Amino acid sequence: MCKRREAVHTGVSVEEEKRRVSFALFLLTACLLFAGVASAGIGDLSVEAQACLSCHARSGTRVTFQSNEFIEVYVDPDAFKASVHHALLCSQCHPDFAEGQHPRRLFRSKLQYQIKAALVCTRCHSNEQITTKGIHAALLSEARKGTAMICTNCHGSHSIRRVTETLKFTSEEEYCMKCHGHVMQVTFRNGETLSATVNISVLQTSVHSKLSCSDCHYGFSSEEHPKRNFGTMRDYTLALSEICRRCHFDKYTKTLESIHYTMLSQGDMQAPVCIDCHGAHAISHIGRERALIARRCQKCHGDIYAVYAKSVHGSALFDENNQDVPVCTDCHTAHKIENPLSQSFQEQIPDMCGNCHANEAIVGKYGLSRAVLDSYLSDFHGITLKFYRMQKDKLNRPARPMAVCTDCHGTHNIMSTMEPNATINIKANLVKRCRKCHANASENFPDSWLSHYEPSITRTPLVFLVTLVFKIFIPFLVVGLVLQIMLHIWRFVANR
Amino acid sequence: MDEDTATREEWVRRFHPARIVEHWVHVLFFATLVCTGLSQRFYTLDVSQWFIIQLGGIDSVRIIHRFAGVLFSLAVITHISVAVVGIVYRKWQPTMVITKKDFTDAVHNIRYYLGLEIAPAEEGRYTYKQKFEYWAIFTGVLIMMATGFILWFPVTITKFLPGETIPAAEVLHANEALVVFLIISIWHIYNAIFSPEVFPLDTCIFTGCLSKERMLQEHSLEFTKQEEAPPDVTSMAE
């Protein structure tokens, strides 16, 4: 901030200052007598101002406070002439001073002096008048809590102009934070209020630390601060979320296919938009802390979150801080969130589970079999699903849903299959699930699925033995037949 | 053999026209079942996937396979019924039944191939090769019918049998199919097409007739029998 030198004479402690005061009083009288001969630079000002400036236009004069801080009591005549207050008399703003009257005052510090000096402004500019601007209202409310409002900090003193002309900023943030660093709020038509205060340190640690305010808040600048009129806070949030797509267009197009966007376009204004999940100024790299992703979804999907938190995945995440387990976005994706009840989503489920469960590097750590995906995909349901997906673009897609991982294992409530009661629970679950498609399925029916196990003599002897017999018999058969044929040809050739 | 008989070969009637039609029916359904079945079994191959998509998807292929299976089963049941009725009521000779002679013929022929016998075994109406092939395919088809039925109605079957029956039936069906396919594609096709004695094609099952020359070579005992007593055409069941 650029401080204009105060031309006010205050309490002085130095001998030289005393001498200067006497000299100034003498000159004041002299100037009144010889007004016309005053220097050309101050010619357009009032007689009183010219008299004051005869001393205060000279640089080098200082006033020192008890705290040893000091200010220079210099007034730039040209700046004063250009200011909105150039027609005023000095004594109108410095009421303690007048012709032949130059009291000596004592201030503890520069701040105390500035507070006292700023009070003068309120003589003309009432609180009611200035509160029409949000920043003044904010500052006044701060002042009521004890933080003094110093008009001259923003507006300057003798060179008073619009704030934007007075202050010099090195960056846009600095400019905006001049006001938005203070406690302030926006009020919507329905009476809702939203804090317009920005915590600059939060912004600077966000992923957008290198952006300027107007990169997002386009339309706003040091010249323009359009007044906008939103009915509700939600309207405002929805409008502001449109900003993100200017840079993140790829993510935006993905959201257009999402169930959230569908809900929004159908009139559900509570459907989440960018800001609802990512926040505004505090946007951080998502995914660093995976539990946070789940918590974001929890805001709306609390019931599902509670179920997930108890599952084998959720409990590992929250209790053990295990970063291998899936969070919401691993299955539902972050932006292209599909309707999970749609058939196309269902058909992708084996891939979702397979991402980890067919990856030795992940499941190997927990003693889980990597073969679960293949054993599913090579079974009746898996093969059918594979073809349904292949047929999707080429033929009329069958509307029949196929059993996938979640049908037996559950979705958000997935439990470990290694738990003591797991086998019993899964089997009970299986019969129920089988009957959804295979009406009247008996208790035996689920056993027709080998539960991801390779056939073995102990677990499924019948399947194992049949497979084994053919493994031996087929090569034996082929070799036998080919041998017979070769002998036959050989005999035929030999006979000729 | 003089020139005259060599050009105007004499033919012996071997099969009733009904057998010729039956063979065509079997060819048709068997081919359908092989194509729709093997493409399901080897579903990872590109050609299988192409075939399945061409037929209208996996569900269509399964339906075609099942109905071809039903029709083939009906043909097989008809075949068995004809044989049973023929043998029991019309006193046909059960010439297809495997006897001890077939095993000795097999050993004899292998010895002949290896040069240990001067001449091949003398055979009746059906050679030991034809009999073994017939019964291998026949039992294979019965297994396919039974397991195919189990796989078609798993819910009903598991009401009476343990759940493991289904995957067991599945591996049995898939493997037995391969066995039947291999026997047909290696053994039957060799004997009917590529064998030097019949190449380029053994037309016997399509015309119902066999040359006297081949009859004498391959079915000498049957030929001698026919020379003694004129053949009853209707008795040629198999």
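The values are calculated or read from the model by the stated rules, or taken from the named source; none is laboratory data. Just so we're clear, the structure is a prediction, and the values are computed from it rather than from any experiment. For neighbour counting, all protein chains shown are included, and Cβ atoms are generated from backbone atoms with ideal geometry for every residue, glycine included.
Residues in the range B:52-71: is at least one surrounded by 13 or more Cβ atoms within 10 Å (Cβ to Cβ) and touching a residue at least 60 places away in the same chain (Cβ under 8 Å)? Taking every residue of the range B:52-71 in turn, at least one turns out to be surrounded by 13 or more Cβ atoms within 10 Å (Cβ to Cβ) and touching a residue at least 60 places away in the same chain (Cβ under 8 Å). Residues in the range A:381-389 include at least one that is over 15 Å from A:Val312 (Cα atoms), out of contact with any helix residue (DSSP H, G or I) (no Cβ under 8 Å at 6 or more places or on another chain) and not assigned by TED's automatic domain parsing to the domain that holds A:Gly314. Scanning the range B:45-83 for residues that are among the small types (Gly, Ala, Ser) and over 17 Å from B:Leu28 (Cβ atoms) yields B:Ser48, B:Gly56, B:Gly57, B:Ser60, B:Ser81, B:Ala83.
The residues of the range B:109-125 that are part of a loop (DSSP other than H, G, I, E, B) and either surrounded by 11 or more Cβ atoms within 10 Å (Cβ to Cβ) or more than 10 Å from chain A (Cβ to nearest Cβ) (or both), listed by number, are B:Leu114, B:Leu116, B:Glu117, B:Ile118, B:Ala119, B:Pro120, B:Ala121, B:Glu122, B:Glu123, B:Gly124, B:Arg125. Taken together, B:Ser81, B:Ser39 contain a single residue that is hydroxyl-bearing (Ser, Thr, Tyr), surrounded by 17 or more Cβ atoms within 10 Å (Cβ to Cβ) and part of a helix (DSSP H, G or I), which is B:Ser39. Scanning the range A:367-385 for residues that are assigned to a helix (DSSP H, G or I) and under 23 Å from A:His332 (Cβ atoms) turns up A:Val372, A:Leu373, A:Tyr376, A:Leu377, A:His381, A:Gly382, A:Leu385. Touching a residue at least 40 places away in the same chain (Cβ under 8 Å), among the small types (Gly, Ala, Ser), crowded, with 16+ Cβ neighbours inside 10 Å and out of contact with any strand residue (DSSP E or B) (no Cβ under 7 Å at 6 or more places or on another chain), is that true of A:Ser311? Yes, satisfied. Of the residues in the range A:389-406, at least one is hydrophobic (A, V, I, L, M, F, W, C) and closer than 21 Å to A:Asn359 by Cα. The single condition among (1) at pLDDT 95 or above; (2) within 14 Å of chain A (Cβ to nearest Cβ) that B:Thr32 does not satisfy is (2). A:Ser451 - would you say it is more than 10 Å from chain B (Cβ to nearest Cβ), among the polar types (S, T, N, Q) and either assigned to a helix (DSSP H, G or I) or within 18 Å of B:Val155 (Cα to Cα) (or both)? It is true that A:Ser451 is more than 10 Å from chain B (Cβ to nearest Cβ), among the polar types (S, T, N, Q) and either assigned to a helix (DSSP H, G or I) or within 18 Å of B:Val155 (Cα to Cα) (or both). Is it true that some residue in the range A:109-126 is of a type in the set (A, V, I, L, M), more than 26 Å from A:His56 (Cα to Cα) and either in contact (Cβ under 8 Å) with a residue 24 or more places away in the chain or assigned to a helix (DSSP H, G or I) (or both)? Looking through the range A:109-126, none of the residues is of a type in the set (A, V, I, L, M), more than 26 Å from A:His56 (Cα to Cα) and either in contact (Cβ under 8 Å) with a residue 24 or more places away in the chain or assigned to a helix (DSSP H, G or I) (or both). Checking each residue of the range A:284-297 against the condition of being hydroxyl-bearing (Ser, Thr, Tyr) and assigned to a helix (DSSP H, G or I) gives no match. Among the residues of the range B:153-173, those identified as more than 7 Å from chain A (Cβ to nearest Cβ) and surrounded by fewer than 19 Cβ atoms within 10 Å (Cβ to Cβ) are B:Phe153, B:Thr156, B:Phe160, B:Leu161. Those helices (runs of 4 or more DSSP H) of the range B:132-238 in which at least 1 residues are small (Gly, Ala, Ser) and within 28 Å of A:Leu477 (Cβ to Cβ), considering only elements entirely within it, cover B:165-182.
Here B:Ile150 meets each of (1) facing chain A (nearest Cβ under 9 Å); (2) under 21 Å from B:Leu71 (Cβ atoms) with one exception, condition (1).
A quick yes/no check of all residues on (1) under 21 Å from A:Asn153 (Cβ atoms); (2) buried (at least 17 other Cβ atoms within 10 Å of the Cβ):
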position: A:Ser54; (1), (2): no, yes
position: A:Arg58; (1), (2): no, no
position: A:Tyr74; (1), (2): yes, yes
position: A:Phe80; (1), (2): yes, yes
position: A:Ser91; (1), (2): no, no
position: A:Leu106; (1), (2): no, no
position: A:Gln112; (1), (2): yes, no
position: A:Ala118; (1), (2): yes, yes
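None of A:His301, A:His248 is of a type outside the set (Asp, Glu) and either in contact with a Leu (Cβ under 6 Å, 6 or more places away or on another chain) or under 29 Å from A:Glu172 (Cβ atoms) (or both) except A:His248.
Yes or no, residue by residue, for (1) under 30 Å from B:Val61 (Cβ atoms); (2) within 52 Å of the chain's Cα centre (by Cα); (3) within 7 Å of chain B (Cβ to nearest Cβ); (4) not charged (D, E, K, R):
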site: A:Thr406; (1), (2), (3), (4): yes, yes, no, yes
site: A:Asn421; (1), (2), (3), (4): no, yes, no, yes
site: A:Ala441; (1), (2), (3), (4): yes, yes, yes, yes
site: A:Phe445; (1), (2), (3), (4): yes, yes, yes, yes
site: A:Pro461; (1), (2), (3), (4): no, no, no, yes
site: A:Phe464; (1), (2), (3), (4): yes, no, no, yes
site: A:Lys471; (1), (2), (3), (4): yes, no, no, no
site: A:Gly480; (1), (2), (3), (4): no, no, no, yes
site: A:Met486; (1), (2), (3), (4): no, no, no, yes
